[in-house]
Each structure stands twice: as C-alpha cells, then as structure tokens.
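The values are calculated or read from the model by the stated rules, or taken from the named source; none is laboratory data. Here the structure is a predicted model, which is why all the values come from computation and not from measurement. Note: ideal-geometry Cβ built from the backbone for every residue, glycine included; neighbour counts use all protein chains shown.
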Amino acid sequence: TPEPTTTTTTTTPEPATQAATADACNGCEVDLLLVIDSSNSINDIGWPRLIAFLVSLVVKLPVDQSCVQIAALQFSTRIEHLFYFNQFHTSEALSAYIQNNITHLKENTNTAGALDSIASRGYFTEANGARPGSLKNVLIITDGRPDNQGAAVTSAKTIRDQGVNFIAAAIGSALVDALGQVVGDASRVFSARSYKDLTTIESLLLSAVCEAPTTTAEPTTTTP
C-alpha cells in the first residue's frame, strides 16, 4: 500500500501594519506638537504630498483626550498658529482640518522663530490643553536648513530643558546633521529622500512619538 502523504502548510506572517507602531501610545498620555515647514523650498508637487502624509500620520495615532493629543503650527518667514491640544479630540476631526485649512506660506525657513513661538504662544501649558505628566514631543517636518542655525539650536535647547522632547523628519539626508543639533539626539532625526518617500519613515516616526527617548545626548558642535 502507498505511504500516506502529508501536506505541510507554511503560513507566511502578514507584515505588521504601520498602525501597530502606535500601540505604545495606548495607555500613555502623549502631547505632540507638529512644527510644519511651509517655506518656498517645497514645490507644488511636494506640498500636497506633505499634507497627505500628515493626514496619514494622525489617523494612525490613538487621538483622544486620554491618550494622544495633537497641536500644530506652520512656519516660513512668518509663524502661523494652527491649533492647540484642546481643539481636536478625534483623528477624523484632525485630518479634516489638515486637509482643508493648512495653506502653503511659501517664504523662508525661520525655524528659530517657530521654536520661539512654542513658548510665546504657550503650546505646552495647561490652559491650551497640555497635561501635567504627559510625554511631550515636538515633531519638526522640514526640507530646509534653518535660516539661523545657532538661534534654532539655542531655542530648542531651552525647550528641551523644560522637559519637551524633539523628533525631526528631514526631507533630504543633507539636513540630518543640522537637525541633529536642534533635536539634541541624532537618533531621533529620520530622513526621507523626498516628500514622496515620507511614507518610508512613517513607522519610525510613530514609534518615536509614542516612546520616551532613551538617550539625552547633546550635540558637541553648533553651526553658526
């Protein structure tokens, strides 16, 4: 009689979804401030890709008053306040605002002014929705070197000294060193080749947003 045949079925695990990287935020209070480059170095193709990426990012986060809260500003030569932490409490409301209300400013790259406005406009105050004891993160998304690198580094250091962490999404690898000085930790700077490629660093950004930094390395040099 023929030997019985056996069939072995190999199951290939499904790739983890981008949303899974935000699981660390569950049960963790995170206040995330988006600092969005709106300068003229972003062309008319890059801008809608940036907006689409911001929408993709926020819908993957557990946005809720008890979990992740998001505030935002955009900058070029001038700084434009968008919303505080206590304005939107669902991903749907946030994504609708981002899609319909953020316009391209098209001027220079006043990163230092944007960072100064974090304190002057009181983003991380209880009056504007920030929570005592929350993990406080600033995510800078930019494709240009700060107009005044030294001032940007100084402003960021002042904010970090108040317990706020920085993350950066750099469009272009040439920005990594400059943004590493601003962020204070080069491991929290994530680089994409172009706006089209921002999705390649999305999962890394989600993880960084939801997890407290493990290092406090300070840059040793400052570019004037």
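Worth pointing out:
- Taken together, the residues in region 85-97 that are of a type in the set (Ser, Thr, Tyr), touching a residue at least 24 places away in the same chain (Cβ under 8 Å) and surrounded by 16 or more Cβ atoms within 10 Å (Cβ to Cβ) amount to 2.
- Check on SER155, among the small types (Gly, Ala, Ser) and closer than 18 Å to LEU115 by Cα: yes
- Within region 194-214, being hydroxyl-bearing (Ser, Thr, Tyr) and either closer than 12 Å to LEU32 by Cα or not in a helix (DSSP H, G or I) (or both) holds for SER194, THR214.
- Picking from residues in region 114-139 that are among the hydroxyl-bearing types (Ser, Thr, Tyr) and surrounded by fewer than 21 Cβ atoms within 10 Å (Cβ to Cβ), the one that is nearest to GLN87 (Cα to Cα) is THR125.
- For region 60-67, the condition of being in contact with a strand residue (DSSP E or B) (Cβ under 8 Å, 6 or more places away or on another chain), within 17 Å of VAL35 (Cβ to Cβ) and assigned to a helix (DSSP H, G or I) holds for none of the residues.
- Test result for GLY150, surrounded by fewer than 22 Cβ atoms within 10 Å (Cβ to Cβ), in contact (Cβ under 8 Å) with a residue 60 or more places away in the chain and more than 15 Å from the chain's Cα centre (by Cα): yes
- Inter-residue pairs, beta-carbon under 7 Å, first touching a residue at least 60 places away in the same chain (Cβ under 8 Å) and in region 24-53, second among the acidic types (Asp, Glu) and surrounded by fewer than 23 Cβ atoms within 10 Å (Cβ to Cβ), 6+ apart: ALA24/GLU211; ASP37/ASP143; SER39/GLU107; ASN40/GLU107; SER41/ASP143; ILE42/ASP143
- Options LEU33, LEU73, LEU57, LEU82; residue that is closer than 22 Å to THR200 by Cβ and either surrounded by fewer than 18 Cβ atoms within 10 Å (Cβ to Cβ) or of a type in the set (A, V, I, L, M) (or both): LEU57
- Tallying residues that are surrounded by fewer than 18 Cβ atoms within 10 Å (Cβ to Cβ) and under 18 Å from the mean Cα position of the chain (by Cα) within region 98-112 yields 1.
- Flag for GLU202 being among the acidic types (Asp, Glu), modelled with pLDDT of 95 or more and either buried (at least 23 other Cβ atoms within 10 Å of the Cβ) or closer than 19 Å to ALA71 by Cβ (or both): no
- Condition met for SER173 (of a type in the set (Ser, Thr, Tyr), under 17 Å from the mean Cα position of the chain (by Cα), over 19 Å from PHE53 (Cα atoms) and loosely packed, with under 15 Cβ neighbours inside 10 Å): no
- Every residue from region 137-159 that is of a type in the set (A, V, I, L, M) and touching a Pro at 6+ places or on another chain (Cβ under 8 Å): ALA152, VAL153
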